[in-house]
Amino acid sequence: MTSDAEVIGTKSGSRPVERLRRLITRRPESRAVILLAIVSLGAIILEPLVFTAYSATLGRIALIGLVALGLTAVILMGELDLSVASTLAVSGVVMASIDSLPGGILVALIVGVCIGVANAFFVVVVGINSFIATLGMLFFLRGLAFVISDEQPVRIANIDAGIAFGKPLIGDFTPRMLIFLAVFVVMHVFTTRVRVGREFYAVGGNRTAAYDAGIPVRRRIFTGFMISGFVAAGAGAINTLERTAADPTSGSTVLLSSFAAAIIGGILLTGGRGSVLGTLLGAASLGILQVGLTHSAVQVDVQNIVIGAVLFVAVISDPASVRAVFERVRIAVRSRRHQQTPVTSA
Amino acid sequence: MTASNVETAAPSRSNTDNLAPRSAVVTGWLADRGIFVVTAVVVVLSAIFVDGFASLDNITDVFNRAAPIGIVAAGMTFVVISANYLDLSVVAQVATGAVVLIGVSNSRGLVVAVLVAAVIAVIYGAVNGIAVGVFKANAVIVTLSTTFIGLGLLRWASGGSIYFGSEGTLIRRFGTFEIGPFPLSMIALVLIALLLEFVLNRTTFGFAVKSFGSNPAAARLAGVDTARVVIGAFTFSAFGAMLGGFVLGAFSNTAVSAMSSGYDFRALAAIIVGGTSVFGGKGSVLRTLLGVVFVSILTNLMVLSGLGFGYQQMAIGGLIVVAVSVDALARKATR
């Protein structure tokens, strides 16, 4: 009797659990939601300052997330853009070297788009794997930033504008946060409602099928890299404005945190799966984690360890990876069973 | 006998020439042997035109600097051949190797330092290799994250301090020891490269790495344990990086966590310029040595002409892109 009741109980009880499990495996953002929940809970209990002084947290999220949003466009197509970190540095240095502020920003953004075009050229026309092409660009552009800036931080001419830029504009929101939100909304609409953006998923999911369906695959890849370069250059311009100087060495931690945000957000590195919303959630959890660690007076070295570990866990825990591991374990178990029993059939 | 051999060899060669277009043959040849020609031309030209290049001191300096990068690149060649792009975490590993060699041997002795470094190398190889080989995660992202974890752990453990070798220790002597005109670091580089070349060409593991790199699915069907291959490749890379860190630490007699920045892309540039394909399956450690010589000479020339760190980085980054482009175009043309 009791055992029957138990069985029935577990059966009816497992249904919402089952539904939740299916939801978690189906939605790409689920990992980001889980991490965000854990991190937020930890922050509320251990370091409530993260939420009471929320403007610092929001600023950090915007800092991490902006580059990651641009990156999302490229990763959706199964490509990577490692050069974003250096694009950020180069565009910042270029902007600071030009005396006129609007002119500088404009040139910086154009530089970003040009870098995107160059990346896409190597990937699409020459046919190099995007990891290697953008890695080469990463080093090349890092050197370029050093050369332009003469290996020194470059001050911007209009320091007052920079100081004004760091102050809240609407309510508690600084221009950086507003730009981040605007880019998020644009990217979200672009990838969910606009045809070109929807086609990114098709290109990433199955490139041959996308080509057969009449999608201009090469042009889409160009668009993706241009978006990524443009957004990274924008982030570089914002950093330069807020700090009133461009640092040619900036960007090494950006590489780690922006990729971490996108990958925690559930985007698949092989393309075709993921969302801009996921990237936002990933950036939010990373931002809260970082600010929380800073408030708890954790050293930068240890923070890097934590964020590196989060990225490591995120990249090995996507559904395809977990499936690969299960498959391997299954094969290992089966082959052991075969070895134990005497061979009767092949 | 020999005449008939030549006769049978000659037609088949012209046959392949006819099959592939002329341009493909040229680009293929360039991708294959171009580096020998370019290195020779660069050496001759710079010996004539660049002041101070041909002096014995300068050449010794070039090879002293090439040795640690060469050992790192020799180990990393396995990762590149297994079609896993590269191992970014060598930056953390080289610094760890140097700090362990000097820091640990100052307090506990050389034997303990070598054991600690070996254990760390095995851990790096296992972590990177399992993530890439078993979990099928992207090698670039995995090694990017392990770089930050590794460097963070190193700085945290060492407190960011600089270690100096004590006077008269074995390490100190190793760093300055010379056999004839050759510094010991160079001899170590050549021996390690020969050993790794042997492993790559004459062992089952080396063959498995190559076959996995050229076609993972076919290798798996042929019974190659793919996870073991990837873990092995990353372990070789980690041991190479540790030894590179040893040589670097012994040579400069100091060790600090920031000393190895740039080793990742210098090693990658050397490997690719040497002719190992980033598309996997094809390559050799000895060619990587030649790539290292080329990259070191290039850097040396830029230093001699007063071009700073920025220009050097641009050159090496550009070199990676150009070398891979040549490889990719050659592949396209022959297909």
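The values are calculated or read from the model by the stated rules, or taken from the named source; none is laboratory data. All values derive from a computational prediction rather than experimental measurement. No Cβ is skipped: glycine too gets one built from the backbone with ideal geometry, and neighbour counts run over all protein chains shown. Just the protein is used for accessible areas: all its heavy atoms, side chains included, with ligands, DNA and RNA removed. Shrake-Rupley method; radii C 1.70, N 1.55, O 1.52, S 1.80 Å.
Observations on the structure shown:
- When the criteria are applied in full, B:Ser82 fails the requirement of being surrounded by 24 or more Cβ atoms within 10 Å (Cβ to Cβ) and within 13 Å of chain A (Cβ to nearest Cβ).
- Test: A:Ala68 is open to solvent by less than 20 Å² (accessible area, probe 1.4 Å), in contact with a Pro (Cβ under 7 Å, 6 or more places away or on another chain) and either closer than 26 Å to A:Asn158 by Cα or within 14 Å of another protein chain (Cβ to nearest Cβ) (or both): no
- For the stretch A:285-308, the condition of being away from chain B (no Cβ under 12 Å), of a type in the set (A, V, I, L, M, F, W, C) and under 11 Å from the mean Cα position of the chain (by Cα) holds for at least one residue.
- Helices (runs of 4 or more DSSP H) completely within the stretch B:1-102 that count 2 or more residues being farther than 30 Å from B:Ile187 by Cβ, modelled with pLDDT under 90 and touching a helix residue (DSSP H, G or I) at 6+ places or on another chain (Cβ under 7 Å): B:22-49
- Filtered residues of the stretch A:304-326 (kept if surrounded by fewer than 18 Cβ atoms within 10 Å (Cβ to Cβ), more than 11 Å from B:Phe135 (Cβ to Cβ) and of a type outside the set (A, V, I, L, M, F, W, C)): A:Pro319
- Considering residues of the stretch A:161-174 that are open to solvent by less than 70 Å² (accessible area, probe 1.4 Å) and either more than 22 Å from the chain's Cα centre (by Cα) or without any contact (Cβ under 8 Å) to a residue 40 or more places away in the chain (or both) only, the residue nearest to A:Thr240 (Cα to Cα): A:Gly162
- When residues of the stretch B:177-228 are limited to those that are of a type in the set (Phe, Trp, Tyr) and open to solvent by 50 Å² or more (accessible area, probe 1.4 Å), the one nearest to the other protein chains (Cβ to nearest Cβ): B:Phe205
- Residues that are surrounded by fewer than 19 Cβ atoms within 10 Å (Cβ to Cβ), within 22 Å of the chain's Cα centre (by Cα) and farther than 21 Å from A:Asn304 by Cβ are absent from the stretch B:132-149.
Yes/no matrix, rows are residues, columns are (1) open to solvent by less than 30 Å² (accessible area, probe 1.4 Å); (2) in contact with a strand residue (DSSP E or B) (Cβ under 6 Å, 6 or more places away or on another chain); (3) more than 9 Å from chain B (Cβ to nearest Cβ); (4) over 18 Å from A:Ala245 (Cβ atoms):
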position	(1), (2), (3), (4)
A:Ile98	no, no, yes, no
A:Gly104	yes, no, yes, no
A:Gly112	yes, no, yes, yes
A:Asn119	yes, no, yes, yes
A:Ala133	yes, no, no, yes
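- Of all residues assigned to the stretch A:255-275, none qualifies as being assigned to a helix (DSSP H, G or I), among the hydroxyl-bearing types (Ser, Thr, Tyr), farther than 30 Å from A:Ile159 by Cβ and facing chain B (nearest Cβ under 9 Å).
- Residues located in the stretch A:134-167, provided they are among the acidic types (Asp, Glu) and modelled with pLDDT of 85 or more: A:Asp150
- Residue check, B:Val278 among the aliphatic types (A, V, I, L, M), facing chain A (nearest Cβ under 9 Å), open to solvent by less than 20 Å² (accessible area, probe 1.4 Å) and not in a helix (DSSP H, G or I): yes
- Per-region count, the stretch A:266-298, residues closer than 14 Å to A:Val39 by Cβ and touching an Asp or Glu at 6+ places or on another chain (Cβ under 8 Å): 4
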